[in-house]
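Student: Handing you a structure now.
The values are calculated or read from the model by the stated rules, or taken from the named source; none is laboratory data. Fair warning: this is a prediction, and the values are worked out from it, not measured in the lab. Glycine also receives a Cβ, built like all others from the backbone with ideal geometry; neighbour counts cover every protein chain displayed.
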Amino acid sequence: MGSEERQVAALSVPRSASTRIIGIDPGSQRTGVGVIDVDAQGTLSHVFHGALAVAGEETFPLRLKRIFDGLAAIIAEHRPAECGIERVFMARNADSALKLGQARGAAICAVVSHGLAVHEYAPTEVKQAVVGSGRGDKTQVQHMVGVLLGLKGPLQPDAADALAIAVTHAHTRASLARVGIPRTAWRRR
């Protein structure tokens with residue numbers, strides 16, 4: 001393709017096209033959800049955020065159902081094209097880790113049932129992408145998410161974490177696209 005053809009091809013790509021990303025911070029008591037748009041230039045826009053409070057359910061299986069149903073409704077309403085979710089880290093005890101894993105499984109099932117691929121991020125990756133250090137604390141994450149998305153006022157921690165995961169996915173996908181590396185090949189083990 002010659003120089004003139006590349007210029008014409010570049011002009012035909014709509015500059016305003018954006019990708020909608022849902023970020024999920026799974027939890028067995030509250031699951032954070034954040035939806036953002038990112039355009040071709042990397043500009044981030046807030047669409048939605050909230051937390052599914054499921055601790056009041058009678059049984060744990062009903063909590064999982066509420067996570068699944070709540071995420072399915074949010075996905076149906078906002079129609080994201082991509083999903084980022086936090087990877088499980090070791091909890092203080094085995095019971096907590098198991099419940100967190102089950103909540104995460106319910107969230108993943110909701111996402112996959114809508115035909116979306118799941119991209120996983122460790123908590124340190126999210127903090128690195130949003131705060132600039134993998135050791136940042138929740139207050140720093142909340143503040144930076146607000147700054148990056150132009151949000152005023154305090155953010156609920158689970159919702160802020162979910163938005164941070166969506167922002168991390170937006171940054172990661174853009175970086176990998178620039179260098180031409182598929183995410184699966186890049187993933188550290």
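Student: Out of everything in the stretch 45-85 that is crowded, with 20+ Cβ neighbours inside 10 Å and touching a residue at least 60 places away in the same chain (Cβ under 8 Å), what residue ends up being nearest to SER28 (Cα to Cα)?
Tutor: Result: ALA51.
Student: Considering the stretch 132-181 alone, what residues qualify as being among the basic types (Lys, Arg) and over 16 Å from ALA122 (Cβ atoms)?
Tutor: LYS152, ARG173, ARG178
Every residue, every condition in (1) assigned to a loop (DSSP other than H, G, I, E, B); (2) among the charged types (D, E, K, R); (3) over 21 Å from HIS169 (Cα atoms); (4) at pLDDT 95 or above, yes or no:
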site: MET90; (1), (2), (3), (4): yes, no, yes, no
site: ALA97; (1), (2), (3), (4): no, no, yes, no
site: GLY101; (1), (2), (3), (4): no, no, no, no
site: ALA107; (1), (2), (3), (4): no, no, no, yes
site: ALA110; (1), (2), (3), (4): no, no, no, yes
site: HIS114; (1), (2), (3), (4): yes, no, no, yes
site: THR124; (1), (2), (3), (4): no, no, no, no
site: VAL130; (1), (2), (3), (4): no, no, no, no
site: SER133; (1), (2), (3), (4): yes, no, no, no
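Student: Let me ask something else. What is the one condition in (1) modelled with pLDDT under 95; (2) part of a helix (DSSP H, G or I); (3) closer than 28 Å to VAL147 by Cα that PRO14 does not satisfy?
Tutor: Of everything listed in (1) modelled with pLDDT under 95; (2) part of a helix (DSSP H, G or I); (3) closer than 28 Å to VAL147 by Cα, PRO14 misses just condition (2).
Student: Filtering the stretch 135-178 down to residues that are crowded, with 18+ Cβ neighbours inside 10 Å and assigned to a loop (DSSP other than H, G, I, E, B), which residue is nearest to the chain's Cα centre (by Cα)?
Tutor: Per the stated criteria, the residue is LEU155.
Student: Taking the condition of being part of a loop (DSSP other than H, G, I, E, B) and surrounded by fewer than 20 Cβ atoms within 10 Å (Cβ to Cβ), how many residues in the stretch 28-44 meet it?
Tutor: Number of matching residues: 5.
Student: Then there is this: Taking the conditions exactly as written (closer than 27 Å to GLU57 by Cα, in a helix (DSSP H, G or I) and at pLDDT below 95), does LEU71 satisfy them or not?
Tutor: no
Student: Condition first: out of contact with any Cys (no Cβ under 7 Å at 6 or more places or on another chain), surrounded by 15 or more Cβ atoms within 10 Å (Cβ to Cβ) and of a type in the set (S, T, N, Q). Can you find one or more residues in the stretch 88-97 that meet it?
Tutor: no
Student: Within the stretch 116-127, identify whether any single residue is within 21 Å of GLY70 (Cβ to Cβ), in contact (Cβ under 8 Å) with a residue 60 or more places away in the chain and out of contact with any Phe, Trp or Tyr (no Cβ under 8 Å at 6 or more places or on another chain), and answer yes or no.
Tutor: Yes: the stretch 116-127 contains one or more residues that are within 21 Å of GLY70 (Cβ to Cβ), in contact (Cβ under 8 Å) with a residue 60 or more places away in the chain and out of contact with any Phe, Trp or Tyr (no Cβ under 8 Å at 6 or more places or on another chain).
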